[in-house]
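All remarks here apply to the structure that follows.
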Amino acid sequence: MAWSERQQGMLREMGLRVWSPAASPGAASRVEAVAAVPLPPASPPAPAVVPPRLAARTDIAGLDWPALREAVAECRACGLCENRTQTVFGVGHPQAQWMVVGEAPGESEDLQGEPFVGAAGQLLDRMLAALQLTRRVEGPEPPAQRVYIANTLKCRPPRNRNPSPQEMALCEPFLVRQIELLRPRLILAMGRFAIQALLRSDEAVGKLRGRVHRYQGVPLVVTYHPAYLLRNPRDKARSWDDLCLAAQVAEDDAVAQGPP
Ligand code: URA
């Protein structure tokens, strides 16, 4: 990947090193280091007691994009629906090859109905742009440069509190179906709740980053949540390394797949 002068300047400004495949000789071998984290089962086992509010949601697994979006908009499976302005489904091209998974909508996302539009989202967009990636649906970019962004939860928890295990379990089928429909070439899991949902792991981000995991066979790279990076800017360089690893995985995959 060639960096424009503007991009190089931006990366230097962020205190990030410039990525190029040649400059990341270790990345390819790290790609092989698949984590020893147990894979989530293909279809998570049904809970012993199905909460009554979930009982009506048996068909998520077969929904197409419009029906899934509608199911999310109408969802009343947990108490988060009581306080939301609107649900936050996801954004990006349905053929995007990258998928970014975050935690839950915050105040700005709840108001605008789009994930990662607040300060953390602006940082995320800058980091993606440095890799020539975009969430925009319009535009000439090929699928390899497109990112689909979704959250683990589709509704904002009050005062941005942590999601509860029950909220995560009830919302998970939506994310699972989004991944099935998108069939991304690469997943970037940001922060501990995305990691819990996708890798079934309570390990810290710091323990899981720097290698390639798998979700249902899809390569998955773990990194810090951008809101954490805003509070801990020293870890931006580590997060940039994670994105470079992800870019390397995506590039290796594109080579393996051959020309479109
Ligand atoms: N944090 C997230 O995890 N997701 C958003 O959409 C916004 C902030």
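The values are calculated or read from the model by the stated rules, or taken from the named source; none is laboratory data. Note that the structure is a prediction, hence the values are computed from the model and not measured. Here the Cβ positions follow ideal geometry from the backbone for every residue, glycine too, while neighbour counts run over all protein chains shown.
Descriptive notes on the structure:
- Every residue from region 70-82 that is within 16 Å of the ligand (Cβ to nearest atom) and out of contact with any Ser or Thr (no Cβ under 7 Å at 6 or more places or on another chain): LEU80
- For region 154-173, the set of residues classified as part of a helix (DSSP H, G or I), more than 18 Å from PHE116 (Cα to Cα) and away from the ligand (no atom under 14 Å from the Cβ) consists of PRO165, GLN166, ALA169, LEU170, GLU172, PRO173, listed by residue number.
- If you check ARG183, ARG156, ARG135, ARG209 for being surrounded by fewer than 22 Cβ atoms within 10 Å (Cβ to Cβ) and touching a helix residue (DSSP H, G or I) at 6+ places or on another chain (Cβ under 8 Å), only one passes: ARG209.
- Candidate set from region 108-153 (those that are more than 16 Å from the ligand (Cβ to nearest atom) and assigned to a helix (DSSP H, G or I)); member that is farthest from ARG238 (Cα to Cα): PRO143
- Which listed residue is modelled with pLDDT of 95 or more and either out of contact with any strand residue (DSSP E or B) (no Cβ under 7 Å at 6 or more places or on another chain) or outside any loop (DSSP other than H, G, I, E, B) (or both), from PRO38, PRO105, PRO94: PRO94
- Tally, over region 83-107, of residues that are within 13 Å of the ligand (Cβ to nearest atom), touching a Pro at 6+ places or on another chain (Cβ under 7 Å) and closer than 20 Å to PRO66 by Cβ: 3
- Long-range neighbours under 8 Å by Cβ, at least six apart or interchain, first residue free of Cβ contacts under 8 Å to residues at least 24 places away in the same chain within region 99-113, second part of a helix (DSSP H, G or I) and within 9 Å of the ligand (Cβ to nearest atom): SER108/GLY121
- Sole residue being of a type in the set (Lys, Arg), modelled with pLDDT of 95 or more and touching a helix residue (DSSP H, G or I) at 6+ places or on another chain (Cβ under 8 Å), chosen from ARG177, ARG146, ARG161: ARG177
- Within the option set ALA204, ALA246, ALA250, being surrounded by fewer than 19 Cβ atoms within 10 Å (Cβ to Cβ) and under 30 Å from VAL72 (Cα atoms) holds for one residue only, ALA204.
Rundown of residues vs (1) under 28 Å from ASP110 (Cα atoms); (2) touching a Phe, Trp or Tyr at 6+ places or on another chain (Cβ under 8 Å), yes/no style:
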| site | (1), (2) |
| --- | --- |
| ARG161 | yes, no |
| ILE195 | yes, no |
| PRO219 | no, no |
| PRO226 | yes, yes |
| LEU243 | yes, yes |
